[in-house]
Amino acid sequence: MELDDQTLELWNIRAVPGSMHGEEKVKILENTFSRIMKGSQTPCILTGDFNSPNRELTDGTTIPWRHNKEGDVAKRWVEAELNILRGLEEKGMIDVFRHCHGYGDLEVLDVSHATQTDDPLAVPPEQVQGKRFDHIIASDELNPVGCYYDQKGFSCSDHAPINAEFGL
């Protein structure tokens, strides 16, 4: 995408659910990470439904799926999830939602897939329980100033859309 006199690289991926497609999810994440690390020279935004992580702790620790499993596929799985969610920091890319809001108890919707709330539109945003599967990972130089999950989006999908604002 051209923005003024600058080119902005945009990536949108959907990593298939691992419970249904196993190693295919790992390959999607590995390929995306590798291509961004090797080929991206411009400011970059990676967004989409990553179907990960399993959990995030209030101290910022990311718990990937299969973290407690043995074997080569499990090892690749953990590495692929952590690379896409945290490893792009090496390239100057940050998790925009966490950059704007941090971790812990938040007064905003902080999940994008309501796996434990039957009607996510019927409760305040901070009471929706589920997983944060949808992400925006962006070059820090784009100066993220806001990011939120739109709770109203649950009326159209089982995922709330994520929106971000950058102070270019």
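Coordinate-derived values only; no laboratory data. Bear in mind that the values here come from a model prediction, so they are computed numbers and not experimental data. In this analysis, Cβ positions are derived from the backbone assuming ideal geometry, glycine residues included, and neighbour counts consider all displayed protein chains.
Looking across region 1-55 at every residue that is in a strand (DSSP E or B) and of a type in the set (S, T, Y), the one that is nearest to D134 (Cα to Cα) is identified as T47. L168 meets the stated requirement of being closer than 30 Å to D4 by Cα, part of a loop (DSSP other than H, G, I, E, B) and aliphatic (A, V, I, L, M). Within region 69-123, the set of residues being without any contact (Cβ under 8 Å) to a residue 24 or more places away in the chain and hydrophobic (A, V, I, L, M, F, W, C) comprises A74, V78, L82, L106, A122, V123. Here A122 passes the criteria (1) touching a Leu at 6+ places or on another chain (Cβ under 9 Å); (2) surrounded by fewer than 13 Cβ atoms within 10 Å (Cβ to Cβ) except the one numbered (1).
Taking the stated definitions as given, is P17 surrounded by 16 or more Cβ atoms within 10 Å (Cβ to Cβ) and free of Cβ contacts under 8 Å to residues at least 40 places away in the same chain? So P17 does not fit the description; no. Within region 109-138, the set of residues being farther than 20 Å from R14 by Cβ and touching a Ser or Thr at 6+ places or on another chain (Cβ under 8 Å) comprises L121, V123, Q127, V128, Q129.
Residue selection: K69 fails the criterion of being basic (K, R) and either closer than 28 Å to A160 by Cβ or surrounded by 15 or more Cβ atoms within 10 Å (Cβ to Cβ) (or both). Looking across region 17-53, just one residue is in contact with a His (Cβ under 7 Å, 6 or more places away or on another chain) and polar (S, T, N, Q), and that is T47.
Residue-level analysis places Y103 among those that are of a type in the set (F, W, Y), within 19 Å of T62 (Cβ to Cβ) and over 13 Å from the mean Cα position of the chain (by Cα). Checking the stated criteria, F133 turns out not to satisfy the condition of being more than 19 Å from I28 (Cβ to Cβ), crowded, with 16+ Cβ neighbours inside 10 Å and within 12 Å of the chain's Cα centre (by Cα). Based on this model, can you work out whether F166 counts as over 21 Å from G104 (Cα atoms), surrounded by fewer than 21 Cβ atoms within 10 Å (Cβ to Cβ), among the hydrophobic types (A, V, I, L, M, F, W, C) and in contact (Cβ under 8 Å) with a residue 24 or more places away in the chain? Yes; evaluated as a whole, the condition is true for this residue.
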